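J.: First, the structure itself, so that you have it in front of you.
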Amino acid sequence: MSLQIEDVDPFDDDALAMWLAVTNEVDHHERGDAATPWTLPELMVGAREPHKHRKSIRINGVVDGVVVGTGQVQLPLLDNLSAADIDVSVLPEHRRHGYGTELLAFCEGIAKEHDRTRFDAMTAWPYDGPADGAGTSGVEFAKTHGYVFGLGDVQREVTLPVPDTILDELAAEAAARSGDYELRSWTGPFPDDDLLLGYLELSSTLMTEAPMGDNDYEDEAIDIEAHRMHEAVVAKQGRTMYTTIAIAPDGKIAAFTDLMAPSHETTHVYQWGTLAHRAHRGHRLGLAVKIANLRALQATGEYDGRRLVTWNAEVNDHMIGINERMGFVPTARAGELQKKI
């Protein structure tokens, strides 16, 4: 049967719900228990609230009145202006009919209409699969359509709480090298714009300072208004942010880390970014901020039993070593791919 492609109206609850149900089901099929689903309340807020830094377009692929696949195009608006993030999901029982190819072509068409010439994609599979994704459905599908595998990532998890004995040992080890730096932690939005500016000056380089493999990325834009809008969306989504920074003797932010705890889904907590400034490396600042931030989160007593999820590039031995000492174990893999036209 022929595929009908329908734009998802962000204010259409039913269309959003169908898009999310299929997208989450495909994620679970690919990663099993390691899947990290969104909830509908989070999606509804994210789709409807204003964003300055990114535009998202979603589509449903419908056959005989049933959504069998989904697509998403995310367009950066402040940086990486030649790029588009593209995602396509097709239910396993509806594969091998060309639906994925049609959805991908439609998404790429949207990107081209916005003058994008670099398409970024990511696909996941179980951890016991090959590091380069060879033979996995997502990677092989992408390669067939001109995408090049650039970097392999590994998802890791640890069940909270991490024992205090482990955190004490790691904190003492970090303190021996980072004693000249002040650690500051808080929950929620950044307390002032000056502090936020210093954070953005560092965090904007995360994509290029972290391992990129054979992929091309550009630094993100530094825009306080855009970040404040992002913070407002996060709060409306019922997500609580935990942030720790390391402040150098000269008052500049030398390292940061942040954790996100959702309220609509109570199984996971997510490690988001962690980065130490290039000029301040060698002081165990990444370890120091991660331990302080996790301690702040665990001190609330609200997240015991949740799974803390993090992703690292397969080649990022330093950060992987820190996570393994905290008890993280690998649960899934992913590949970052790019196509340039």
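J.: Considering the stretch 76-87 alone, what residues qualify as being hydrophobic (A, V, I, L, M, F, W, C) and crowded, with 19+ Cβ neighbours inside 10 Å?
T.: Answer for the stretch 76-87, where residues must be hydrophobic (A, V, I, L, M, F, W, C) and crowded, with 19+ Cβ neighbours inside 10 Å: ALA83, ALA84, ILE86.
J.: Say we look at the stretch 289-341 and pick out the residues that are closer than 20 Å to ASP214 by Cα and of a type in the set (S, T, N, Q); which of these is surrounded by the fewest Cβ atoms within 10 Å (Cβ to Cβ)?
T.: Restricting to residues being closer than 20 Å to ASP214 by Cα and of a type in the set (S, T, N, Q), the top hit is ASN316.
J.: While we're here: In the stretch 68-79, is there at least one residue being of a type in the set (S, T, N, Q), touching a strand residue (DSSP E or B) at 6+ places or on another chain (Cβ under 6 Å) and within 21 Å of ALA232 (Cα to Cα)?
T.: Yes.
J.: Here's something else I'd like to know. Within the set of pairs 6+ apart or on separate chains, which have a first residue in the stretch 184-203 that is closer than 12 Å to ILE222 by Cβ and at pLDDT 95 or above, a second that is of a type in the set (Phe, Trp, Tyr) and surrounded by 14 or more Cβ atoms within 10 Å (Cβ to Cβ), and C-beta atoms under 7 Å apart?
T.: Pairs that qualify, where the first residue is closer than 12 Å to ILE222 by Cβ and at pLDDT 95 or above and the partner is of a type in the set (Phe, Trp, Tyr) and surrounded by 14 or more Cβ atoms within 10 Å (Cβ to Cβ), are LEU196/PHE190; TYR199/PHE190; TYR199/PHE256; LEU202/PHE256; SER203/PHE256.
J.: Examine the stretch 58-75 for a residue that is closer than 27 Å to GLU314 by Cα and without any contact (Cβ under 8 Å) to a residue 24 or more places away in the chain, and state whether such a residue exists.
T.: So far as the stretch 58-75 goes, yes, one or more of its residues are closer than 27 Å to GLU314 by Cα and without any contact (Cβ under 8 Å) to a residue 24 or more places away in the chain.
J.: Look at the stretch 4-24 and say how many of its residues are in contact (Cβ under 8 Å) with a residue 12 or more places away in the chain, out of contact with any helix residue (DSSP H, G or I) (no Cβ under 7 Å at 6 or more places or on another chain) and not in a helix (DSSP H, G or I).
T.: Final tally of qualifying residues: 3.
J.: Next question, about the same structure. Looking only at the stretch 146-160, filter to residues that are buried (at least 17 other Cβ atoms within 10 Å of the Cβ) and over 22 Å from MET207 (Cβ atoms); which one of those is farthest from the chain's Cα centre (by Cα)?
T.: Per the criteria, the residue is LEU160.
Table: residues versus (1) within 21 Å of PRO211 (Cβ to Cβ); (2) among the hydrophobic types (A, V, I, L, M, F, W, C).
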| residue | (1), (2) |
| --- | --- |
| ARG239 | no, no |
| THR243 | no, no |
| ASP250 | no, no |
| THR257 | yes, no |
| MET260 | no, yes |
| LEU275 | yes, yes |
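J.: Among the listed residues PRO126, PRO92, which satisfies the condition of being touching a residue at least 24 places away in the same chain (Cβ under 8 Å), out of contact with any strand residue (DSSP E or B) (no Cβ under 7 Å at 6 or more places or on another chain) and either within 25 Å of VAL67 (Cα to Cα) or not charged (D, E, K, R) (or both)?
T.: PRO92
J.: Could you tell me which residue of the stretch 90-121 is nearest to the chain's Cα centre (by Cα), considering only residues that are more than 23 Å from VAL62 (Cα to Cα) and in a strand (DSSP E or B)?
T.: In this case the residue turns out to be ASP120.
J.: Which condition does ILE59 not pass, out of (1) buried (at least 18 other Cβ atoms within 10 Å of the Cβ); (2) over 17 Å from the mean Cα position of the chain (by Cα); (3) in a helix (DSSP H, G or I), if it passes all the others?
T.: (3)
J.: A further question follows. Take the residues of the stretch 103-129 that are hydroxyl-bearing (Ser, Thr, Tyr) and surrounded by 16 or more Cβ atoms within 10 Å (Cβ to Cβ): which is farthest from LEU3 (Cα to Cα)?
T.: Out of the qualifying residues, it is TYR127.
J.: Still on this structure, I have one more. Since MET229 meets every condition but one in (1) farther than 22 Å from LEU77 by Cα; (2) of a type in the set (A, V, I, L, M, F, W, C); (3) surrounded by fewer than 18 Cβ atoms within 10 Å (Cβ to Cβ), which condition does it not meet?
T.: Exception for MET229: condition (1).
J.: Inspect all residues belonging to the stretch 244-253 and state whether any of them is in contact with a strand residue (DSSP E or B) (Cβ under 7 Å, 6 or more places away or on another chain), exposed (fewer than 15 other Cβ atoms within 10 Å of the Cβ) and either of a type in the set (Gly, Ala, Ser) or touching a residue at least 40 places away in the same chain (Cβ under 8 Å) (or both).
T.: Scanning the stretch 244-253 turns up no residue that is in contact with a strand residue (DSSP E or B) (Cβ under 7 Å, 6 or more places away or on another chain), exposed (fewer than 15 other Cβ atoms within 10 Å of the Cβ) and either of a type in the set (Gly, Ala, Ser) or touching a residue at least 40 places away in the same chain (Cβ under 8 Å) (or both).
J.: Could you go through the stretch 152-162 and let me know if any residue there is assigned to a loop (DSSP other than H, G, I, E, B) and within 18 Å of ILE320 (Cβ to Cβ).
T.: There is at least one residue in the stretch 152-162 that is assigned to a loop (DSSP other than H, G, I, E, B) and within 18 Å of ILE320 (Cβ to Cβ).
The values are calculated or read from the model by the stated rules, or taken from the named source; none is laboratory data. These numbers were taken from a predicted model, which means no experiment stands behind them. For neighbour counting, all protein chains shown are included, and Cβ atoms are generated from backbone atoms with ideal geometry for every residue, glycine included.
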